[in-house]
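Read the structure below first, then the notes.
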Amino acid sequence: GGTFLGKLLRQKSLTEARSLETPLKRCLTAYQLIFYGIAHMAGAGIYVLAGTVIKTKAGPAASLSFLLCALLSVFTGLCYVEFSTLIPRAGSCYTFTYITLGELPAFLVGWTMISDLVIGMASVAKAFSSTVDAISHQAISNATRTHFGSLPESDYLDPNIDLVGFSLIIALMLLTLTGAAISMSVNMVLSAVQCVCLTLMAGAC
């Protein structure tokens, strides 16, 4: 039993983890990493959910929520800075957990990260397709329902077949396959446009 538990909690050597040798090419610039962080913080929820929640539920108290989230983000960033200086390796919290807590916690953290990316991508794709469909006055969803039918009704799933969201995911997958340098450059441009839009929206308010 102790041997099995030891295998579950075995840790990667800190000396090995500190090695800077890696098969990955270091091609990202500081600006690309900054805008990558901005893209993760300013997601589709700002455009889809924030307005509705502020109008119908939270009201002015939402500003306190944003301030609290900003404060927590600062502390989280400081933790990542400390970890990355101690262990200058790719792998994010998976590598940090592997070294400090062991293999099983790292396994759970790794799959949590994958689930977060999958759910996040699905929500962004759905928000994008819903926005495009609303701009077209539901022409896309009506055409899809007419030509492809719909799924059984459910309280949790959209019965409409989302071709726009599916196309967006495939396009982003192909963009990612071109390499980190190209995909991050595109992300930097889109994030800059997003920052401009958010600034104009805040100024209009």
Charge-dipole axis of the chain as Lys and Arg at +1 and Asp and Glu at -1 on Cβ define it, positive-most pick from 46, 85, 152: 85
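State whether the range 77-127 is rounded, prolate or oblate according to the following rule on the C-alpha gyration tensor (a ≥ b ≥ c being the square roots of its eigenvalues): a/c under 1.5 gives rounded; otherwise a/b larger than b/c gives prolate, and the remaining case gives oblate. Kindly include the intermediate steps, with their values, before the conclusion.
Values: a/c = 3.53, a/b = 1.70, b/c = 2.08.
Oblate.
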Dipole of the chain, positive direction: furthest Cα of 106, 173, 198, with charges on the beta-carbon: 106
Inter-probe distance in nm under a simple model that places probes 7 Å from Cα toward Cβ, at residue 103 and residue 9: 1.5
Counted charge near residue 140, where neighbours are those whose Cβ lies closer than 12 Å (Asp, Glu -1; Lys, Arg +1): -1
Fluctuation leader among 56, 112, 176 - the chain, Gaussian network, Cα springs under 10 angstrom: 56
Most mobile listed residue (185, 63, 130) in the chain, GNM with C-alpha springs under 10 Å: 63
Between the range 149-165 and the range 105-129, the Cα center-to-center distance that results, in Å: 20
Options [x] 21.2, 64; [y] 17.6, 55; [z] 17.2, 52 - which one matches Rg and Dmax of the Cα atoms in Å as calculated here: [x]
GNM result for the chain, Cα springs below 10 Å: residue of 141, 183, 150 fluctuating most strongly: 150
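Counting pairs of alpha carbon atoms under 8 Å apart in space and at least six apart in sequence, what relative contact order in percent does the range 59-205 give?
Answer for the range 59-205 is 12 percent.
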Under 5 Å, built H, 5+ apart or other chain: amide partners of residue 160: 151
Kyte-Doolittle at least -0.5, axis length at least 24 Å by Cα - qualifying DSSP helices, the chain: 62-86, 103-135, 180-204
Net length gained if the chain between residue 172 and residue 151 were fully extended (0.36 nm per residue, minus Cα distance): 5.0 nm
Length-normalised contact order of the range 118-205 in % [C-alpha pairs under 8 Å, at least 6 apart]: 24
Dipole in debye (nearest 20) - the chain, about Cα centre, beta carbon charges: Lys, Arg +1; Asp, Glu -1: 420
Whether the range 166-205 is rounded, prolate or oblate, judged on the alpha carbon gyration tensor where a/c under 1.5 counts as rounded: oblate
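Residues of the chain: accessible area per residue at 1.4 Å, in Å²?
Dividing the accessible area of the chain by its residue count gives 73 Å².
The values are calculated or read from the model by the stated rules, or taken from the named source; none is laboratory data. All values derive from a computational prediction rather than experimental measurement. As a convention, Cβ positions derive from the backbone with ideal geometry for all residues, glycine included, and neighbour counts pool all protein chains shown. SASA here: full protein model, heavy atoms, side chains in, ligands and nucleic acids out. Shrake-Rupley method; radii C 1.70, N 1.55, O 1.52, S 1.80 Å.
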